[in-house]
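Heads up: the structure comes next, in structure tokens.
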Amino acid sequence: MSKTALIVDDSTSIRQMVSFTLKEAGFDVIEGTNGQEALSKAQGRPVNLVITDLNMPVMDGMTLIRQLRAKPEFKFTPILMLTTESQEAKKQEGRAAGATGWIVKPFNPEQLLQVVGKVVR
Amino acid sequence: MLEKFRLTVDSPLGPLPNPHGANPSGPWGEDAASGAAVLSGLTSCLAVVPVLATQLQEVMGEIETGILGISGSFEDMARRAREAVSGVFQDDSTTAAKDSRTGITHLVRETRETLGRLLQRVEQTSRISAATVRRMKEIERRMNSLNRTLCDIDEIAKNARLLAINGQIEAARAGAHGAAFSVVATETANMAKHAMAASQNMREIIGTLSAEIAAGSVELRDRAAADTEDAARSRAEVNGTLDTMALIHDEMQTAMEQARENSRSLARDIGQAVVALQFQDAVSQRIGHVVQTLQDVHGAVQSILGGGPPAGSPPADNGAPARDWTVQMADRYTMASERQTLAASTSRQARNARDPRDNVELF
């Protein structure tokens, strides 16, 4: 049975590229354009991986991570932050919020899949 | 004078300068006419700022549309390449695929062995045929010998018959005393006659058998020769076919390996293209930040021209609005490259390129 990934980014092109990369690796993909929409789409569905941007309208990635971690079903789900932001303070904030890892854009598909392979069992 | 304003509006890192230099007596100095001209020019310049912002946003939209199209094309290319490769390999790493590859090699070897065994049997049959022909020749020779023996028997029978005739003549001369001898002579003549008839029959049978054996021997020899010739030709043909099959198999293996390498190469190229195409997201964010700052600058200048406090920027910090703009821009930035550009512009710091290998950190 294939695993499901939730991709959250306000950039259509980034969503498309991440989605393409994960689908090639056999994932089913759900997409959200911001944190709020992602929470809504993830409701009641088993999700094995979350990849989210940081800066998004309506609800940013940091808030999304906190809200997901508050849900029992997302307590141990790998959540990767995929963002242009590379400030150490932001990374630490993400770590404190419950992010599993931090990837700075632009991402390399092969590298992304290696990271996903490490965090998704 | 207007040129000075253009310069400062285009670079909102510093305060709007007083066009009259250090004269602080009024917003635009003492020269009312000059001030009106400045206002007019500045208002005219300001009008294009929202247009420029809209233009930038539309350009970014167009670039994003283009990138989505290109990215979609890459996706299609990758899918088609994957389908093409999987069509050839059926997942080449599977046990079935490996079995298939070794199976072809095995099949060629097995066919050669089977053909070898078949040809051995043909050659064995040929040898047996040759031996049979030799035996038939021997039988023919013995029959000829038998014929000669029959000739001897014929000669004996002729002599016996002649002897019988002489015996009958002598018996007739003897009269009544020779009657019994006459019976013996007559019986001897009959026996000689029967012996000659039997010899003749045997000679005919032997002649027929000899002819049949000779014909069979020739036929068997010809068949054996034809079989040997056919077997040799078949061996050459099948060996040629197997060599071609092995060659095609090797070429297919090479083509499959090439296709596999092409697939890997395509995946690498698409990966690099995906990295390159993400410039659009970074550019979109940077231009978005520029547009927001332009809009803030526009609002601030409009407020100043209207005589009110600067809008769109934070409250003045110790009378240093230049720092407010810098801080506001820095707060808005999301990329190290943006911050480096700002820092380099304000403090002439050198820009540091980020090592792309350091872009992943697992907590």
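What follows draws every value from the coordinates through simple rules; no lab data is involved. None of these values were measured; they are calculated from a predicted model. Don't worry about glycine lacking a Cβ; one is built from the backbone with ideal geometry, like all the others, and counts go over all protein chains shown.
The table below gives the values:
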item	result
Partner lysines for A:Lys41 [C-alpha distance under 23 Å; skip if fewer than 8 residues away on the same chain]	A:Lys3, A:Lys23, A:Lys71, A:Lys75
Phi to ³J(HN,Hα) by Karplus 6.51 cos²θ - 1.76 cosθ + 1.60 over the stretch B:41-47, Hz, x for Gly, Pro	x, 5, 4, 4, 5, 4, 4
Residues whose placed amide H lies under 5 Å from that of A:Trp102, excluding near-sequence neighbours	A:Met81, B:Glu361, B:Leu362, B:Phe363
Karplus (6.51, -1.76, 1.60) ³J(HN,Hα), θ = phi - 60°, over the stretch B:142-152, in Hz, Gly and Pro reported as x	5, 5, 4, 5, 4, 4, 5, 4, 4, 4, 4
Helix-derived mean residue ellipticity, 222 nm - over chain A, DSSP H n ≥ 4, -39500 (n - 2.57), to 500	-12500 deg cm²/dmol
Averaged over B:331-344, number of beta-carbon atoms from partner chains that fall within 10 Å	2
HN-Hα J in Hz across the stretch B:191-198 - Karplus 6.51, -1.76, 1.60, θ = phi - 60°, x for Gly and Pro	4, 5, 5, 5, 5, 5, 5, 5
When the stretch B:95-272 is reduced to its Cα atoms, the Kirkwood hydrodynamic radius in Å	24.0
Those lysines that a straight Cα-Cα span of less than 17 Å connects to B:Lys158, excepting residues fewer than 8 apart in one chain	B:Lys193
Amide H contacts under 5 Å for A:Ile30, placed H, 5+ residues apart	A:Ala5, A:Leu6, A:Ile7
Normalised per residue, the volume of the convex hull around the Cα set of the stretch A:11-79 (Å³)	78
Alpha carbon centroid spacing (whole Å) that separates the stretch B:257-278 from the stretch A:8-56	23
Paramagnetic label zone (point 7 Å from Cα along Cα-to-C-beta, A:Val120; backbone N under 15 Å) in the stretch A:40-61	A:46-52
Test item: B:268-274 mean partner chain Cβ contacts at 10 Å	5
Kirkwood-Stokes translational diffusion coefficient of chain A, alpha-carbon pairs, 25 °C, 0.890 mPa s, µm²/s	176
Part-to-part distance (alpha-carbon centres) for the stretch B:129-168 and the stretch B:33-52, which is given in Å	146
18 Å Cα-Cα reach of A:Lys91 towards lysines, excluding residues that sit fewer than 8 places from it in its own chain	A:Lys105
